[in-house]
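The values are calculated or read from the model by the stated rules, or taken from the named source; none is laboratory data. Here the structure is a predicted model, which means the values were calculated and not measured. Here the Cβ positions follow ideal geometry from the backbone for every residue, glycine too, while neighbour counts run over all protein chains shown.
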Amino acid sequence: MGHFLSTETAAALARLTELDANAAAPPLERMRAIRAVLHHLDADPAALASVRDALSDGAGWPEIADAAGLKPTAAKWRWQGTDSDIAARLDAGRKRSARPSSVPTDLPGHSVAEAAGLLGVSVQAVYLQVSRGKLVSRTVELADGRSYKRVILPGDALPSTTESAETDPEKPTP
C-alpha cells in the first residue's frame, strides 16, 4: 500500500476500508477500526516527516498549522525541534495529564476559600489572620509534587498531632 504511511497505519486504514465496504459490519468493530485509524494516524511518523519536508520547502508554521487543523503554537509544540525535543515535550505532557486535576478530599483542615466561607470573611482576611498568628496554616505537599495551603480552624485537629488548633502547646492541659 502507499508510500509514506507506516505499516501499522496502513493496516488500520485497510481494516476500516474493509469494514466500510461491508454493510453488515458490527457497530463496535466499526468504532474500534475508526479509533485505531485515528490513533495510528496521530502517532504516524509520516506526519512529522511531512512537517519537516514542508519546512525545508519553505513553508511556515502558520501554513503547517492550517494544513493540520491546529493553531501555529500547537503545531510548533507538536513538531518543532529534534526527535528528542519532541519526545521530551510529549513525555512531559503525558505526565501532566496523568496527574489528577481535582484536589484530594482527605487533606487536613480547610482550603483558604473554605475557611473564609466558614468564618464569614474574605480570603485576604484569612491570609492576614494567618500572618498575624490568629489562625494556623500548613502547606501540605503530595507525593506527586502538588502542594496545598490548608487552614486549621479552632476546633480542628492539627495534622501533626491530636491537639486542636486552639490548644496552646506552651500551656499544659489539665
Worksheet item: In the stretch 7-115, which helices (runs of 4 or more DSSP H) lie fully inside it and hold 3 or more residues that are among the acidic types (D, E) and modelled with pLDDT of 90 or more?
Response: 7-21
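Listed here are the residues, each with its yes/no results for (1) assigned by TED's automatic domain parsing to the domain that holds D83; (2) under 31 Å from the mean Cα position of the chain (by Cα); (3) in contact (Cβ under 8 Å) with a residue 12 or more places away in the chain; (4) over 27 Å from K76 (Cα atoms).
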residue	(1), (2), (3), (4)
R15	yes, no, yes, yes
L19	yes, no, yes, yes
P27	yes, no, no, yes
A33	yes, yes, yes, yes
V37	yes, yes, yes, no
D44	yes, yes, yes, no
A49	yes, yes, yes, no
L55	yes, yes, no, no
Worksheet item: Is it the case that some residue within the stretch 28-42 is over 30 Å from S147 (Cβ atoms), loosely packed, with under 15 Cβ neighbours inside 10 Å and of a type in the set (G, A, S)?
Response: no
Worksheet, complete the sentence: Taking the stretch 122-155 and keeping residues among the hydroxyl-bearing types (S, T, Y) and assigned to a strand (DSSP E or B) leaves S137, T139, S147, Y148
Worksheet item: Give me the pairs: first residue in the stretch 120-132 and farther than 13 Å from K149 by Cα, second residue surrounded by 10 or more Cβ atoms within 10 Å (Cβ to Cβ) and of a type outside the set (S, T, N, Q), beta-carbon distance under 8 Å, and six or more apart or on different chains, which are they?
Response: S122/A116; A125/A116; A125/L119; Q129/V121; Q129/L135
